[in-house]
Amino acid sequence: MSNAPVTILQFGTSRFLQGHVDLFAAEAAGEGQDVGRIAVVQSTSSPRSTRRVEALNREGGYPVVIRGNVGGTAVDREVTVDSIARAYQAATDWAAIEHLFITDIRYVVSNTGDSGYALDSADGPKSAVPTSFPAKLLRLLQRRFEAGGAPLTIMPCELINRNGDTLRGIVSGLAEDWGLGGAFTDWLAKDCLFVNSLVDRIASEAIEPVGVVVEPYALWAVEHQPGLVLPFRHPAVETVDQLLPYERLKLFILNLGHTVLADRWLTDGRPADETVRAALGDDSVRAELDTIYDAEVLPVFAALGMGDQAAAYRRTVMVRFLNPFLDHRLADIAGNHADKKERRIAPLIALARDVCPDLPVPGLESVLGR
């Protein structure tokens, strides 16, 4: 796909995006689909991120290694991903990013981390290069509007409830604060499609300077809305009418399970390099997680009418957690632990009180309170 035009702007160079959206785009192009290439924006300027940007700008792509079991058959294969045309550092390449955004881009994809939607009080309409992701996006949208305003689809991948609606609200509020005017906000509402989506794939290890090891399981669930046209077709990309069931399953089973394990790792001072698989080899850790799932999580899904779906997804998640081919370190999962508990555990406790108020949730309350 080396001659394809650049039509997708991606905020973030995370190993997750490398093994998810970027891989999907490469595989779709390899099947003959007319897929635009991706330009990546790196917001930080650490030595590691600089090396990653340099590596993404080299010819030849980067490796994604897919390891695990599918239907009892071992999978261990390497794919070269060549969907990224170029990578930019926001601090030094902002003029080039603005030019590209005005002329070529049709889609925006982002995965900016746990605090990616946080604003910076220093950002304003006169900032040379805005600091926060929402302010960067708003500046680019403002320039696009001023240049004629071709329609645009924005597909955030952050693990935030209704991420598209949330990001649109933040950007719209910031536009009002900046005094950008009614014509711009009308264009933002009419011609910029903010899409709610949910992503699900374990990206366990980075390959330096760029590349990643991932599991075979992958999902990008995209909530349908009028006018939505996806950038490509892929078996892992599903258009759904309601995203909420998918969000609840992932947040309150897979993500919650990771956070319970990370909490035990932090509380007990367990080995620094311990993996999810190794932790579950400890009978007491496995028993704690199984008890939380069986007695405190699955009953909530049953009360929602999702008991069978939740039980099936829980079985799939445990297979993924025990994947013998992945080394998913708890140290990586434990980052921003307090924030993750508030997003993954506190809402389930609140939901339990609403739909099954007599259900005791001592395990979840203990994790949340530590």
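The values are calculated or read from the model by the stated rules, or taken from the named source; none is laboratory data. Keep in mind the model is a prediction, meaning the values are calculated, not measured. Neighbour counts run over all protein chains shown; Cβ positions are idealised from the backbone, glycine included. Note: accessible area is taken over every heavy atom of the protein model, side chains too, but ligands, DNA and RNA are not part of it. Shrake-Rupley method; radii C 1.70, N 1.55, O 1.52, S 1.80 Å.
Using 7 Å Cα-to-Cβ label points, what is the residue 4/residue 106 separation (nm, one decimal)?
Here the modelled spin labels are 1.1 nm apart.
Quick check on region 303-345: take the gyration tensor over C-alpha atoms, sort the square-rooted eigenvalues as a ≥ b ≥ c, and tell me if it's rounded (a/c under 1.5), prolate or oblate.
Oblate is the answer for region 303-345, as a/c is 1.5 or above yet b/c matches or exceeds a/b.
Under the classification rounded if a/c is under 1.5, otherwise prolate if a/b is larger than b/c and oblate if not, where does region 103-197 fall, given a ≥ b ≥ c as square roots of the Cα gyration tensor eigenvalues?
oblate
What share of the DSSP beta bridges in region 16-122 is antiparallel, in percent to the nearest 5?
Here the antiparallel bridges make up roughly 65 percent for region 16-122.
Once both labels are modelled 7 Å past Cα along the beta-carbon direction, what's the residue 287-residue 302 spacing in nm?
Modelled inter-label distance: 2.2 nm.
Report, to two decimal places, the Cα Rg of the chain normalised by 2.2 N^0.38 Å (N = number of residues).
1.01
Based on the Cβ-Cβ distance of residue 31 and residue 230, what FRET efficiency does E = 1/(1 + (r/R0)^6) give at R0 = 22 Å, to the nearest 0.05?
0.95
Please state, to two decimals, what the Cα-based radius of gyration of region 1-93 comes to when divided by 2.2 N^0.38 Å (N = residues).
My calculation over the Cα atoms of region 1-93 gives 1.15.
How large is ³J(HN,Hα) for each residue in region 78-84, as worked out from phi by the Karplus curve 6.51 cos²θ - 1.76 cosθ + 1.60 (θ = phi - 60°), to whole Hz, x for Gly and Pro?
Result, rounded to whole Hz: 10, 10, 8, 9, 10, 7, 8.
Using the heavy atoms of the protein chains and a 1.4 angstrom probe, tell me the accessible area per residue for region 226-267 in square angstrom.
42
Sum up the lysine pairs in the chain that clear both bars: alpha-carbon distance under 23 Å and a spacing of 8 or more or different chains.
4
Roll a 1.4 angstrom probe over the protein heavy atoms and tell me the percent of accessible area of region 189-345 that is carbon or sulfur.
Carbon plus sulfur share of accessible area: 53 percent.
Antiparallel as a % of all DSSP beta bridges within the chain, to the nearest 5?
Restricted to the chain, the bridges split so that about 40 percent are antiparallel.
Using a 1.4 angstrom probe on the protein heavy atoms only, line up 288, 208 by accessible area, largest first.
The most accessible residue leads, giving 208, 288.
Keeping every protein chain present and rolling a 1.4 Å probe, give me the accessible area per residue for region 1-54 in Å².
Normalised by residue count, the accessible surface of region 1-54 is 37 Å².
Give me the net charge for the shell around residue 139: Cβ to Cβ below 12 angstrom, other residues only, Lys and Arg +1, Asp and Glu -1.
Here the count lands on +1.
Let me make sure I get this right: for region 189-277, a, b and c are the square roots of the gyration tensor eigenvalues over alpha carbons, sorted descending. Under 1.5 in a/c it's rounded, otherwise prolate if a/b > b/c, else oblate. Which is it?
It is prolate, given that a/c is not under 1.5 and a/b is the larger ratio.
Could you list which residues have their amide H under 5 Å from that of residue 106, counting only those 5 or more apart in sequence or on another chain, with H placed in the peptide plane?
8, 9
Once amide H atoms are placed 1.01 Å from N in the peptide plane, what residues at a sequence separation of 5 or more from residue 237, or on another chain, have their amide H within under 5 Å of its amide H?
Here 220 satisfy the definition.
How high is the FRET efficiency from residue 316 to residue 183, r the C-beta distance, R0 51 Å, rounded to 0.05?
Efficiency, rounded to the nearest 0.05: 0.60.
Between residue 294 and residue 147, with labels modelled 7 Å along Cα→Cβ, what's the label distance in nm to one decimal, could you check?
Taking the simple label geometry, residue 294 and residue 147 are separated by 5.9 nm.
What accessible area per residue, rounded to a whole number of Å², is obtained for region 156-222 using a probe radius of 1.4 Å?
34
Take the Cα atoms of region 203-250, find their three principal axes, and give me the spread along each one in whole Å, biggest first.
Result, largest extent first: 41, 26, 16 Å.
For residue 193, which sequence-distant residues (separation of 5 or more, or a different chain) have an amide H within less than 5 Å of its own amide H, given hydrogens modelled in the peptide plane?
152, 153, 154
Could you compute how much accessible surface residue 365 exposes when probed at 1.4 Å, giving the result in Å² to the nearest 10?
90
Mind giving me the FRET efficiency for residue 121 and residue 244? R0 is 45 Å, r the Cβ-Cβ distance, nearest 0.05 is fine.
So the FRET efficiency works out to roughly 0.85.
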